Structure formats: structure tokens, C-alpha cells
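Visitor: Below you will find the structure I want to go over with you.
The values are calculated or read from the model by the stated rules, or taken from the named source; none is laboratory data. In this text the structure is predicted, and so the values were computed from the model without any measurement. Ideal geometry is used to build each Cβ from the backbone, glycine not excepted, and the neighbour counts take in all protein chains shown.
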Amino acid sequence: MIKRRFKVTVLAGSLMLLSGMLSAAWGQTRGGACMDGILRGDYGFIVEGLVFPAPGVEVSVRGVAMTTFDGQGGLTQVDHIVIGGQPPALEWTPGTGTYHVNADCTGTMRINVPSTGDFVNLRIVVSGQGRQIYAVVTAPFSGPARTVTSTGIRRDY
């Protein structure tokens, strides 16, 4: 009886340890809190909104992006953003940046665009255990004022 209890206790302890390791590997603590590691891999984004290049002037923004998160706070991205019906100078504009996910699954991103010297700051909310990201462009940013949002979904392989 004691031998059997020992095996059950060891098995239960091993499962708890494995569960904690898997949660951390997926970017969530055992209590369900988020962290940077929850974002790992490729995410396809759809981008929509408006820019305001002058008072009273609105120009539409539509685009797509593929962002790769490294699980440690770094990202790379390519995007194709159409502003006011005009295609971008590059077919796919590359960018690099950083991100941080808070314990409550809110966070920040900054994307630097070397080809233009531009950057974009975003506030994010991570949902579905890291499967989906909601984002909004926020100040400070370079260029005209804007109200641009995006939704990213982790790419399944």
C-alpha cells in the first residue's frame, strides 16, 4: 500500500511539474498570467483605419502584415499598407521591433521601419492563450495623427 501511494505521489508531482513547464513554455504562468513568451511564431494581421495629414482631411489605411514574435520580446515584420488607395513604395516593407506582454495580457509593441526611418507604437491585448492579438496605434508616433487598429491571428502549421 505504501509503495503504491509513493508511485501515485511521484506521478502526481511529475504531472504538476510538467504542467508548470508547459504553461511557462506557452507564455502563461500556472495562475494564468501572461508574459512575453505567450507570443511566439508567425501572426497574420489585418490593418484598418484612418490617418489625418491635415485638419479636416481623412485618408483611409488598409493593409496586411506578417509578424514573427520570438517569445522573448523581439519581433520582425513585413507589411503591405495601402494609404489613400496608394500602394506602398516597397511591395513588402520590413520592420523590426520589441514587445512586452503584462501579466493581465495587455502590452506594448514598437515597430521600427528602417527603410523610412519611421516607427509605430502600439498597445495590444493578447487573447485565446496567445492565439490572437488586438492592437491599436498610439502616440507617440512619427507622421500624421492616425486611428489605426489591427487584429493578428497565430499562423497554424
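Visitor: Hey, could you check region 85-96 for residues that are over 22 Å from the mean Cα position of the chain (by Cα) and surrounded by 13 or more Cβ atoms within 10 Å (Cβ to Cβ) and say which is farthest from Thr149 (Cα to Cα)?
Guide: That would be Leu90.
Visitor: Which count do you get for residues in region 27-74 that are among the aromatic types (Phe, Trp, Tyr) and modelled with pLDDT under 95?
Guide: Total satisfying the criteria: 1.
Visitor: Which of the residues that make up region 38-58 are in contact with a Pro (Cβ under 6 Å, 6 or more places away or on another chain) and surrounded by 15 or more Cβ atoms within 10 Å (Cβ to Cβ)?
Guide: Residue satisfying the conditions is Val51 alone.
Visitor: Going by the conditions given, is Gly130 surrounded by 13 or more Cβ atoms within 10 Å (Cβ to Cβ), modelled with pLDDT of 95 or more, of a type in the set (Gly, Ala, Ser) and on the phi < 0 side of the Ramachandran plot?
Guide: No: the conditions fail for Gly130.
Visitor: Can you tell me which residue among Ile46, Ile38, Ile83 is among the hydrophobic types (A, V, I, L, M, F, W, C) and within 14 Å of Asp118 (Cβ to Cβ)?
Guide: It is Ile83.
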